[in-house]
Amino acid sequence: MLYDGFVNLQHFTGLILCLQLAGAPATGQTALNLPKSKQLMESTANQKTSLKAILAEKKDKRRVLLIYGRDDAQRFTIAQQEGLNADELAERDLDVIVLIASTLNEPDRQFLMQDEFKLVPAEDFQGWLIGKDGGIKHRFQKPIDSKELYGLIDQMPMRKAEKN
């Protein structure tokens, strides 16, 4: 399941930002050792862009499934990702951002601990569904079933308008 320190999800097509996993060497290679133009994931571990800025960039354009997991509980973040389907994500303009506790920098951790997200760093897993308006639409403490996730999105007013 791991390749060069990244979760290996070959069936996704550029919709996942994945932080480098704990203890993995920073090799500079892509998640699947593909040319930069064909990368399926990118690491945000070494980027200077804050999570707050990344989410602000996506506002009004994309929905976000934000997943947080502790290093010793990565089975939950992996389980959440494995249940997703690239076509369903693309149809719903949904990006997935995976945050691993040990790679999360302090400003991003503090941002997530604020009132809106209410991150509890001791929890094994936390997730947030963020709408195109930038608001949190759903919080969850365990991996959410993909059908339930897609159902939540399909009930959103903007999504209903997109379908028409």
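Each value in this text was obtained by applying a stated rule to the coordinates, not by laboratory testing. What you are looking at is a predicted structure, and each value in this text was computed from that prediction instead of being measured. Methodologically, a virtual Cβ is constructed for each residue, glycine included, from the backbone with ideal geometry; neighbour enumeration extends over all protein chains shown.
Ranked from highest to lowest mean number of other Cβ atoms within 10 Å per residue, what is the order of the peptides 94-104, 71-81? Could the numbers behind the result be given before it?
On the way: 94-104: 20.8, 71-81: 17.4.
Output ranking for 94-104, 71-81: 94-104, 71-81.
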- Item | Extension gain, K147 back to A86 (0.36 nm per residue minus Cα-Cα distance, nm) | 20.6 nm
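Report, in listed order, any pair from K59/K142; K58/K142; K59/K118; K48/K163 with a Cα-Cα distance greater than 28 Å. Provide the component values of the computation, followed by the final result.
Numbers: K59/K142 25 Å; K58/K142 24 Å; K59/K118 20 Å; K48/K163 36 Å.
Over 28 Å apart, Cα to Cα: K48/K163.
By its C-alpha gyration tensor, with a ≥ b ≥ c as the square roots of the eigenvalues, how is the range 65-151 shaped: rounded for a/c under 1.5, else prolate for a/b larger than b/c, else oblate? Before the final figure, lay out each step's value.
Details: a/c = 1.92, a/b = 1.33, b/c = 1.44.
Here the range 65-151 falls in the oblate category.
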- Under the Karplus relation with 6.51, -1.76 and 1.60 and θ = phi - 60°, whole-Hz ³J(HN,Hα) for the range 146-156, x at Gly and Pro, equal 4, 5, 5, 4, 5, x, 4, 5, 5, 8, 6
- Using 0.36 nm per residue of separation minus the Cα-Cα distance, give me the extension gain between N164 and I136 in nm, one decimal. 7.7 nm
- Note on the structure: Scattering profile of the range 76-126 from the Debye formula, Cα beads only, expressed as log10 I(q)/I(0) at q = 0.22 Å⁻¹, is -0.92
